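Chemist: Take a look at this one; I'll ask things after.
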Amino acid sequence: MAKITEIMLLQQAEQTALIIEKQGEMSTFGQMIGESFSKIDAYLKDHNELPSDVPFVEYPAYEQMTEHNIGMRIGFYITNSLPAKGDIQNVIIPCRKVIACLHKGIYDELAKLYNEMNEYIRQKGYESTGTSIEHYYTGPEVPEAEQVTRVVMPLK
C-alpha cells in the first residue's frame, strides 16, 4: 500500500498528553511501546479517564536514530490534566505547525513516506524540528498490511 492521503500542512492546537520516555534498541522496540501503552491505559482507567485520540510514539530525533539508539516518547493525548506518577509524565504540547500524512501498510514502508515528507518540507521551504510522531489507528491484532498510521512532522 502506501500513503492514503496527501501530505497536508496543518496548525495543531495545544494538547495535553501522558507520556513515558524510553531509550532502547530495535530488538526491544515493540515490547517497550506495548508495555508503555498498557501502563498509561491502566493509569487512565484508574482515573476514569479516556484518551482524546489514538496512541502515539514521538521520536524526538528520528534522523539520528540507529538500530541501537532509539529515543521515544510513548503516550496518549488527554483532555483533563492528570498528575505524574512514576515514569508517567503529564506534558503540554504547544500549538504548532505540522505536516501530516496517513499511511496504510507495513511499518517497513514508512521509510518511503518519511522521505516524501522530508522532500515536501524542502520543496516548500519549511524547516523540520527533527521530530516525528506516529499515531497508531490499528493495534497489533490487525494484519501488518492493514496497519493505519498517521505520521506528523512538526515545523520550526
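Chemist: Considering amide H positions built from the backbone, and no H for Pro or chain starts, which residues 5 or more places from residue 93, or on another chain, come under 5 Å of its amide H?
Modeler: Result for residue 93 returns 15, 16, 17.
Chemist: Using a Gaussian network model of the chain whose springs link C-alpha atoms within less than 10 Å, name the residue from 48, 118, 90 with the highest mean-square fluctuation.
Modeler: 48
Chemist: Let me ask you something else. For the stretch 10-156, give the magnitude of the charge dipole about the Cα centre (Cβ charges: +1 Lys/Arg, -1 Asp/Glu; no others), in debye to the nearest 20.
Modeler: That gives a dipole near 540 debye.
Chemist: A further question on this structure: Which value, in debye to the nearest 20, gives the size of the charge dipole of the stretch 41-119 about its Cα centre, when Lys and Arg are +1 and Asp and Glu are -1 at the Cβ?
Modeler: Computed charge dipole of the stretch 41-119: roughly 280 debye.
Chemist: How high is the relative contact order of the stretch 93-156? Use alpha-carbon pairs under 8 Å, at least six apart in sequence, and give a whole percent.
Modeler: 51
Chemist: Calculate how steeply helix 110-124 sits against the longest principal axis of the alpha-carbon atoms of the chain, using the helix alpha-carbon long axis, and give the answer as 0 to 90 degrees to the nearest 10.
Modeler: The helix 110-124 is inclined about 60 degrees to the chain.
Chemist: Pull up the cross-link candidates among the lysines for residue 104, meaning alpha carbon to alpha carbon under 30 Å and not fewer than 8 places away within one chain.
Modeler: Straight-line reach from residue 104, under 30 Å: 3, 22, 39, 45, 112, 124, 156.
Chemist: Please list the three semi-axes, largest first and in whole Å, of the ellipsoid equivalent to the chain, using sqrt of 5 times the eigenvalues of its alpha carbon gyration tensor.
Modeler: So the three semi-axes of the chain are 25, 18, 15 Å.
Chemist: Set Lys and Arg Cβ to +1 and Asp and Glu Cβ to -1, take the dipole of the chain about its Cα centre, and tell me which of 107, 76, 131 lies farthest positive.
Modeler: Checked the options; the winner is 131.
Chemist: Can I ask one more? For the stretch 14-139, what relative contact order do you get, as a whole percent, if you take Cα pairs closer than 8 Å and at least 6 residues apart?
Modeler: This gives 38 percent for the stretch 14-139.
Chemist: Using mean Cβ contacts within 10 Å as the protection proxy, how do 16-26, 62-72 order, highest first?
Modeler: Most protected by this proxy first, the peptides run 16-26, 62-72.
Values in this text are rule-based calculations from the coordinates and carry no lab data. Computed from a prediction, not measured in an experiment: that's the story for all the values here. Cβ atoms come from the backbone with ideal geometry, glycine included; neighbour counts cover every protein chain shown.
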